[in-house]
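Input: a single structure, listed below in structure tokens.
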Amino acid sequence: MSKLGKFYITTPIYYVNDKPHIGHAYTTIAADVLARWHRLKGDMVFFLTGTDEHGEKVAAAAEKAGQTPKQFADSVVSTYITAWKRLEVGYDGFIRTTDPNHAKAVQDFVNKMVDNGDVYKGKYEGWYCVSDESFWTDLQLKDGKCPECGREVKKVKEDSYFFRLSKYQDALLDFYKENPDFLSPRYRANEIINRVKDGLKDVSISRTAIKWAVPFPGDAQHWVYVWVDALINYISALGWPGGENYKAYWPADVHLIGKEINWFHSVIWPAMLLSANLPLPKKVFSHGWWTAEGQKMSKSRGNFVNPLDIADRYSVDALRYFLIRELPLGDDGDFSEKALIARINGELVADLGNLIYRILTLAERFAGEFRGSPELEPKLDISKIESKMDDLDTFGALNDIWGFIREANKYVNEKEVWKLSGDELSNALYNLLEACRIISILISPFMPETSSKINAQLGIGPGTLNDCRFGRFKGRIKKGEYLFKKVEQKA
């Protein structure tokens, strides 16, 4: 077991121009799994998510809906809160960039950069992508469009305050070298490092035309650029500068993000922190994108996957399981209901559900005491699973947990437990019930509802990682229904 401590994990704060889709759910569920795992270890955990409510994109969406930006933001924020509750996301903090304390923190942070001589006034002229809220040069455009999202850009020319990002080029490269795990997964690191080596240009951090934003300190004609505003949420939510949560949890252990916003988190945010003389996060982990049935998700195609629809159709835990089980955290993946159903029928029903039901059926009929020698315990390597979770390899850890589930099923079949009696049956049931108890603990970060159901059937309470060793089974069996129902594939 690793040394216990604190664990601070964040998701990006999501734009409120639309309701949450499967991509938002993936990031947030993955973060929730990691937060729950660290709570199992006994770590002091803070899990932050929230919403990014400023900027031109939100203002435009509000105008289209016939609402003020704040009214529009309030209505969309409620859909996120509802979605995360439904999907069993147990966050510790939910930040809104319209919170007054956040606006104050943004202005205080900008003033720190000003005091350090890193902010100056000039004129900005270039291309702006409303969708990504990002600026681009002529050379960066692809076929005259945004290189990230492929949408149209517009020419912007206005007075602006600039941040001396160029000043921190060498400091960032030194930091990457000294902290090789900061840019994660590592196969994405070279892209960032090479781009920084090519040279950093100072960046615009204020706007004059967009007034749905935090007022720029000291100049009533300017407003803080939405990305500067957004990044500061990671410390404003903790009560920076003097809040107890800030003192306890900063720096962040993991900023979990989509790869499309890696540049802002891996370059601009650490440079801002260096300017403000604050500690840098330990890791920025950029995961991949989901397609839908082999196609990129887009409004025009009408193929955005609504996570709540999937949860209602198949169950919350089936969705959570599939998103983590289908691919390693850093990779791109394809959301397919056919693949989801195959996982449900082949792994949740046949592997886990069948194991629990068979064992409970036999145990409920057994009149003796469950005792024996721990024959199944050597099949489980907790330290290996823990090491993978510490490396954010949720896919690998879940694969190892499932390996133990299959070992338990193999044990049932090889021993033909249903044919045993007396001490032999007592020993076999002891092993299998303890295995089920430990399986329930290990799957609890991934499938919390299923874990609770198993605990109820075993007649036990929730456990911790320290309880993942064979001891004396102390439960009282109360067999319930199957955990999962087989889904019939449509022709």
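The values are calculated or read from the model by the stated rules, or taken from the named source; none is laboratory data. Values in this document were obtained by computation on a predicted structure and should not be read as measured data. Please note: Cβ atoms are built from the backbone with ideal geometry, for glycine as well, and neighbour counts cover all protein chains shown.
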If a residue has to be surrounded by fewer than 23 Cβ atoms within 10 Å (Cβ to Cβ) and either closer than 14 Å to residue 329 by Cα or under 14 Å from the mean Cα position of the chain (by Cα) (or both) to count, how many in region 3-13 make the cut?
1
For region 247-303, how many residues are under 18 Å from residue 236 (Cβ atoms) and aromatic (Phe, Trp, Tyr)?
4
Filter region 39-81 for residues that are polar (S, T, N, Q) and under 25 Å from the mean Cα position of the chain (by Cα); which is surrounded by the most Cβ atoms within 10 Å (Cβ to Cβ)?
49
Here are some conditions: (1) at pLDDT 95 or above; (2) at negative phi. Residue 315 meets all but one. Which one does it not meet?
(2)
The lone condition residue 413 fails out of (1) surrounded by fewer than 18 Cβ atoms within 10 Å (Cβ to Cβ); (2) more than 16 Å from residue 375 (Cα to Cα) is (2)
Quick check on my filter: what residues within region 121-173 are in contact with a strand residue (DSSP E or B) (Cβ under 9 Å, 6 or more places away or on another chain), surrounded by 20 or more Cβ atoms within 10 Å (Cβ to Cβ), at pLDDT 75 or above and not in a strand (DSSP E or B)?
146, 153, 165
Within region 380-388, identify whether any single residue is within 30 Å of residue 28 (Cα to Cα), exposed (fewer than 14 other Cβ atoms within 10 Å of the Cβ) and among the charged types (D, E, K, R), and answer yes or no.
yes
Residue 30: touching a helix residue (DSSP H, G or I) at 6+ places or on another chain (Cβ under 7 Å), small (Gly, Ala, Ser) and farther than 26 Å from residue 213 by Cα, yes or no?
yes
Quick one: is residue 238 at pLDDT 95 or above, more than 21 Å from the chain's Cα centre (by Cα) and either assigned to a loop (DSSP other than H, G, I, E, B) or more than 30 Å from residue 333 (Cβ to Cβ) (or both)?
no
Exception for residue 229 within (1) assigned to a helix (DSSP H, G or I); (2) more than 22 Å from the chain's Cα centre (by Cα); (3) crowded, with 20+ Cβ neighbours inside 10 Å; (4) not β-branched (Val, Ile, Thr) falls at (2)
When the residues of region 426-476 are filtered to those that are closer than 21 Å to residue 369 by Cα and without any contact (Cβ under 8 Å) to a residue 24 or more places away in the chain, which remaining residue is surrounded by the fewest Cβ atoms within 10 Å (Cβ to Cβ)?
476
Against the definition (assigned to a helix (DSSP H, G or I), out of contact with any Leu (no Cβ under 8 Å at 6 or more places or on another chain) and of a type in the set (A, V, I, L, M)), how does residue 209 come out, yes or no?
no
